[in-house]
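Here the structure comes first, spelled out in structure tokens, and everything after it is commentary.
The values are calculated or read from the model by the stated rules, or taken from the named source; none is laboratory data. As the structure is a computational prediction, the values presented were derived from the model and not from experiment. Quick reminder, even Gly has a Cβ in these numbers, built from the backbone with ideal geometry, and neighbours come from all protein chains shown. What goes into the accessible areas is simple: the full protein's heavy atoms, side chains included, and nothing from ligands, DNA or RNA. Shrake-Rupley method; radii C 1.70, N 1.55, O 1.52, S 1.80 Å.
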Amino acid sequence: RADGSLVAWGQNDYGQRDVPPGNDFVAISAGSLHSLALKSDGSLAAWGLNHQGSCDVPPGNDFVAIAAGGLHSLALRADGSLAAWGENYYGQCAVPSGNDFVAIEGGIMHSLALRADGSLVCWGDNAQGQCDVPLGNDFVAIEGGADYSVALIAY
């Protein structure tokens, strides 16, 4: 909402509609059965199914972006480094090192990130080739699907 508060509707078997109170939210992301929110102070909130810790947000208030995967979560820190937590059966929470990341996305069981130089990194389940990133450094946006990934090339 314009006032920074959250609203949710639909299925609520695991509390995924039970949004936290407040009006200081600036970004949201929905996973399979959990959700994340980024607050204006850079801290995180999560609710819904806490499978393998998918709602156990890391402490701190230096986050600038979030992405919910199937049952895992990702966050981008102000210094360009990554954090991930939750289900990690396929290594989808084994974030690459570095502090040159500018965007993150989560698929069902894989994760991907965009580096400042326009190159891509992907990790986790690769059964359908969803982590076989194309070469190049002309990418400007990313998105993770169920078993696939997409990227926007600079025009």
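For Cα pairs less than 8 Å apart in space and 6+ apart in sequence, what is the mean separation divided by the residue count of the chain, i.e. the relative contact order in percent? Relative contact order of the chain: 13 percent. Electrostatic tally near Gly60: other residues with Cβ closer than 15 Å to its Cβ, Lys and Arg +1, Asp and Glu -1, net -2.
With the simple model of a label 7 Å out from the Cα in the direction of the Cβ, Asn126 to Asp62 spans 3.0 nm. Rg then Dmax, both in Å and based on the Cα atoms of the stretch 14-81: 11.0, 33. Per residue, the stretch 66-116 exposes 33 Å² of solvent-accessible protein surface, assessed with a 1.4 angstrom probe and all protein chains in place.
In the stretch 82-155, the portion of solvent-accessible area held by carbon and sulfur atoms comes to 53 percent [1.4 Å probe, whole percent, DNA, RNA and ligands not counted].
For the chain, the average shadow cast by the Cα convex hull is 9.3 nm², which is a quarter of the hull's surface. Annotation for Ala116 and Ala2: the two label points, set 7 Å from Cα along the Cα-Cβ direction, are 3.7 nm apart.
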